[in-house]
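The values are calculated or read from the model by the stated rules, or taken from the named source; none is laboratory data. Everything numeric here is computed off the predicted structure, so don't read it as measured data. We place every Cβ from the backbone using ideal geometry, glycine too, and count neighbours over all the protein chains shown. Heavy atoms of the whole protein, side chains included, go into the accessibility calculation; ligands, DNA and RNA do not. Shrake-Rupley method; radii C 1.70, N 1.55, O 1.52, S 1.80 Å.
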Amino acid sequence: MDALKKEEFYTIDDIYALPEGERAELIDGKLYNMAPPNTRHQRLIHFFDREIGNYIQRKNGECEVFPSPFAVFLNEDDVNYVEPDISVICDKNKLDDQGCHGAPDWIIEIVSPGSKSMDYMTKLFKYRTAGVREYWIVDPMRGQVTVYGFEKDIVEQYSFGEEMAVGIYEDFSITIE
């Protein structure tokens, strides 16, 4: 009879001990290595950063937009650490030099071939239970965006080219061309 293999359990200290240039996320003590993003991924991050940042600036808003890599410590523990592609944080008390402590108001993840189940399942559950108000999954391979408005318990599906209303703002929408 084979002995049961003990699963490794990691903490935020392990994230900071990674070799230079390596990135990973930590969800409930499980380490998930991150592959470098491709050009399309980076263009989408830049697009959202610019669109959201310009909107906040025009409205003299209090929220801030942070593109990855940006540390988000979702819970008050040492076993959850993520780097969303885009984080929008409206509560300045959650921010310090290390990153965001607590749930951002709005998170956008851009799906990569290797991150599909993470973005659509693991992070969806984690973000919802942590208190994220809105979560967008942008899937460039399918040309679709899935919008989860957790406060109003809504899920909407959009195709690239369609106008997408931003739930945390009343007068803001985005169209990915």
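For the chain, give the magnitude of the charge dipole about the Cα centre (Cβ charges: +1 Lys/Arg, -1 Asp/Glu; no others), in debye to the nearest 20.
Charge dipole, the chain, about its Cα centre: 420 debye, nearest 20.
Label-point separation (nm) for F160 and Q57, each offset 7 Å from Cα along Cα-to-Cβ?
2.5
In Å², what does the accessible area per residue of the chain work out to with a 1.4 Å probe?
That works out to 57 Å² per residue.
Tell me, what is the Rg over Rh of the chain, with Rh the Kirkwood radius over Cα pairs?
Using Cα coordinates only, the ratio equals 0.98.
Roughly to the nearest percent, how much of the accessible area of the stretch 12-100 is carbon and sulfur, given a 1.4 Å probe?
Heavy-atom surface of the stretch 12-100 belonging to carbon and sulfur, 1.4 Å probe: 44 percent.
Tell me the mean residue ellipticity at 222 nm calculated for the chain from its helices only (DSSP H runs of n ≥ 4, each -39500 (n - 2.57), averaged over every residue, nearest 500).
Computed ellipticity for the chain at 222 nm equals -5500 deg cm²/dmol.
Is any residue of the stretch 64-86 close enough, with backbone N under 19 Å, to a label point placed 7 angstrom from the Cα of E8 along the Cα-Cβ axis, and if so, which?
Answer for this model: 78-83.
Any cysteines in the chain with zero other Cys Cβ atoms under 4.7 Å from their Cβ? List them, or say none.
Result for the chain is C100, no neighbouring Cys Cβ within the cutoff.
Provide the gained length on full extension for the span A35 to E170, in nm with one decimal, where the gain is 0.36 nm per separating residue minus the Cα-Cα distance.
This chain segment gains 45.1 nm when fully extended.
Where the centroid of each part is defined by its Cα atoms, how far is the stretch 1-72 from the stretch 74-138 in Å?
About 8 Å separates the Cα centre of the stretch 1-72 from the one of the stretch 74-138.
Mind giving me the FRET efficiency for M141 and L95? R0 is 45 Å, r the Cβ-Cβ distance, nearest 0.05 is fine.
The value I calculate is 0.85.
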